[in-house]
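The values are calculated or read from the model by the stated rules, or taken from the named source; none is laboratory data. Keep in mind it's a predicted model, so treat the numbers as computed, not measured. Note: accessible area is taken over every heavy atom of the protein model, side chains too, but ligands, DNA and RNA are not part of it. Shrake-Rupley method; radii C 1.70, N 1.55, O 1.52, S 1.80 Å.
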Amino acid sequence: VVAFGEVGLSGEIRSVSNAAARVGEAARLGFSRILVPSHNLRQLPKRQDIEVVGVRTVRDAYEAVQ
């Protein structure tokens, strides 16, 4: 599992730039599950080789890896 995003003071996960490139690089490195900010999820093309999960908060991210 790999995750990326900016964490706000109240625990929200904010979107980041170049999300598609980050997902592509993580997939190239062999990661099969990627946690991304939910706002970035809408911009990403669908992929069959990896699971991309959108999260809104740190709690969502924590629950996604359990």
For the stretch 1-55, which whole percent of the accessible surface, found with a 1.4 angstrom probe, sits on carbon and sulfur atoms? 50
Relative to the chain, whose Cα atoms define the longest principal axis, helix 19-28 and its Cα axis are tilted in degrees, nearest 10, by 50
Averaging sequence separations of C-alpha pairs under 8 Å and six or more residues apart, then dividing by the length of the chain, give the relative contact order as a whole percent. 36
